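Colleague: I am attaching a structure below and will ask some questions about it afterwards.
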Amino acid sequence: MYRKQVRRRRAVLTFLIIGSFLLLTITYGQRSGGLQHGVSTIFSPLQSAADRALKPARDLVDWFDKTFEARGENSRLKDQLVVARRQAVAGQEALQENAQLRKMLELDRDPALASSAYEPVTGRVIARSPTVWQSAVTIDVGSSDGVKVKDPVVSGDGLVGQVASVQGGSSQVRLLIDNASAVSAKVLPEGVQGVLRPELGDPEDLVLDFLNSSRSVRRGQSVVTSGWRAQGLASLFPPGLPIGEVTEASIVQQEASQQVHLRPYADLADLDLVQVLTGGSRG
Amino acid sequence: MIVTPRIFARLAAIVIVAVLLQLSFFSRVELVHVSPDILPAVVISLGLLGGSMTGAVSGFTIGFLVDSLLVEALGASSLVLLAVGYLAGLFRERFDIHSALVPPLLCMVLTLVAELGFGAVQLMLGVDAPVSVLVIRDMLLKSVYAFFLGWPIYFGLRRALRPALVEESRVSRRRQPTILGAR
């Protein structure tokens, strides 16, 4: 009797292990879409309801965490505020000058700019992946709202990621910090270009890789999407979307490994409302 | 564990609620920059309560649901969680749980095993991006959170599944630990 139980147990375990490997094989054979699509469609209303029900509890935990953190952040923010004020004044002057120049030159928006074709669709984050190895969120807008795979996703602060899969009423967004994420970006104002990759495990650190310029990059410079267009192909992201600020840019690092580090503007660890830029180019 | 249709329904509800709670709540709150992961603790608790088969099957199911809902590589989470569920069940079948500290301690240790296992599976599947040392902090803190969350999870699940559990007071569990497969 006992031996029979052990045999049955081993058979079930073997079956489950083979099942796992089979699922992995199906995934990498690109045939798992229908299965995942079905499960996601069934569960997305439940996720949406759970998200709304659990929001007060989440806010409470966030409040404790943020209060704890705020003490250390206060002095850093004061310093940043002084710099930001100066930049705001300079920005206002630039805006005024820009408006005058536009009026003078009667400059229209360039029709070739991909950004003009984008229609923002606002969505709420309803679920998030539990591991640092895969960074994805589920949002409550999907194909019925016009969302398509590979649409760029932004928050109020900047680029967040892109849509990885879509169901009727929900979509999965692969964040900038996901291991499969790669975005072509440039450093302002020089326009030094590179490919933005995550550093797994650290949501506040991105790496701008393969810098293709001899010009050096300095700490504090802004990084935006480059939004290239060449030979009928176009970047998935419109040009000029803010991504982050350069935090580490030593000359040695740039010369040896052609990379600099930056901190994303968007708080990728704490997303609530995002916008999907629908209707743009898909390369 | 005696699995009747009613207990099966309870187990299914536990699995679904755990996945929804993880994705909609625990993954979205941070304590010291790390989100708690209750799923290994739930699988370990089910393994400790129901044995290796219950642990393995619930681990596989929870992993499958998570991978499906997040549209990630199917099978990766299943493989890791079924392994920790099976290990927890084996522990229960071979040793007595003498102290109330055993379940949370096991949750801590096996959550670390699950995190390492998940990292290993991801690396085998191919990770193009550089890996920060903060991944280690993430793994360690998740294990510490599992210790504190493991206690209410284990005793909550024991209460929910009580009708299916063999009453420990009625059965003498003072026998020596036996090796699986030995007569």
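The values are calculated or read from the model by the stated rules, or taken from the named source; none is laboratory data. None of the values given here were measured: they were computed from a predicted structure. Please note: Cβ atoms are built from the backbone with ideal geometry, for glycine as well, and neighbour counts cover all protein chains shown.
Colleague: Is at least one residue of segment A:243-264 in contact with a helix residue (DSSP H, G or I) (Cβ under 8 Å, 6 or more places away or on another chain), part of a loop (DSSP other than H, G, I, E, B) and either at pLDDT below 70 or surrounded by fewer than 19 Cβ atoms within 10 Å (Cβ to Cβ) (or both)?
Modeller: no
Colleague: Okay, next question. Would you point out the residue of segment B:8-46, among those that are in contact with a Gly (Cβ under 9 Å, 6 or more places away or on another chain) and closer than 15 Å to residue B:162 by Cα, that is farthest from the other protein chains (Cβ to nearest Cβ)?
Modeller: Here the residue is B:45.
Colleague: Suppose we keep only residues that are assigned to a helix (DSSP H, G or I) and small (Gly, Ala, Ser) within segment B:113-141. Which one would you say is surrounded by the fewest Cβ atoms within 10 Å (Cβ to Cβ)? Outline the logic, then answer.
Modeller: The initial filter retains those residues of segment B:113-141 that are assigned to a helix (DSSP H, G or I), namely B:113-125, B:134-141.
In the following step, the residues that additionally are small (Gly, Ala, Ser) were identified as B:114, B:117, B:119-120.
Details: B:114: 31, B:117: 19, B:119: 22, B:120: 11.
That would be B:120.
Colleague: Okay, next question. Of the residues that make up segment A:44-61, is at least one part of a helix (DSSP H, G or I), free of Cβ contacts under 8 Å to residues at least 24 places away in the same chain and surrounded by fewer than 10 Cβ atoms within 10 Å (Cβ to Cβ)?
Modeller: yes
Colleague: So, one more: Looking at segment B:81-127 only, could you name the residues that are facing chain A (nearest Cβ under 9 Å) and farther than 20 Å from residue B:53 by Cα?
Modeller: B:115, B:118, B:119, B:121, B:122, B:123, B:125, B:126, B:127
Colleague: May I ask you to verify whether residue A:240 is at pLDDT 75 or above and surrounded by fewer than 15 Cβ atoms within 10 Å (Cβ to Cβ)?
Modeller: Values: at pLDDT 75 or above: yes; surrounded by fewer than 15 Cβ atoms within 10 Å (Cβ to Cβ): yes.
So residue A:240 fits the description; yes.
Colleague: Okay, moving on. Is one or more of the residues making up segment B:47-69 charged (D, E, K, R), within 7 Å of chain A (Cβ to nearest Cβ) and under 27 Å from residue A:166 (Cα atoms)? Working first, answer last.
Modeller: Initial filter on segment B:47-69 (charged (D, E, K, R)): B:67.
Still in the running and within 7 Å of chain A (Cβ to nearest Cβ): none.
Taking every residue of segment B:47-69 in turn, none turns out to be charged (D, E, K, R), within 7 Å of chain A (Cβ to nearest Cβ) and under 27 Å from residue A:166 (Cα atoms).
Colleague: Quick check on my filter: what residues within segment B:64-89 are free of Cβ contacts under 8 Å to residues at least 24 places away in the same chain and of a type outside the set (Val, Ile, Thr)? Spell out how you get there, then give the answer.
Modeller: So the first thing to find is which residues in segment B:64-89 are free of Cβ contacts under 8 Å to residues at least 24 places away in the same chain, and the list is B:64, B:67-68, B:71-72, B:74-75, B:78.
B:64, B:67, B:68, B:72, B:74, B:75, B:78 - these are the residues of segment B:64-89 that are free of Cβ contacts under 8 Å to residues at least 24 places away in the same chain and of a type outside the set (Val, Ile, Thr).
Colleague: Within segment A:23-41, which residues are surrounded by 13 or more Cβ atoms within 10 Å (Cβ to Cβ) and in a helix (DSSP H, G or I)?
Modeller: Step one: filter segment A:23-41 for residues surrounded by 13 or more Cβ atoms within 10 Å (Cβ to Cβ), giving A:23-28, A:32, A:35-37, A:39-41.
Correct list: A:23, A:24, A:25, A:26, A:27, A:28, A:35, A:36, A:37, A:39, A:40, A:41.
Colleague: Hey, residue B:33 hits all of (1) surrounded by 22 or more Cβ atoms within 10 Å (Cβ to Cβ); (2) closer than 30 Å to residue A:179 by Cβ; (3) not hydrophobic (A, V, I, L, M, F, W, C) but one; which does it fall short on?
Modeller: The number of the failed condition is (1).
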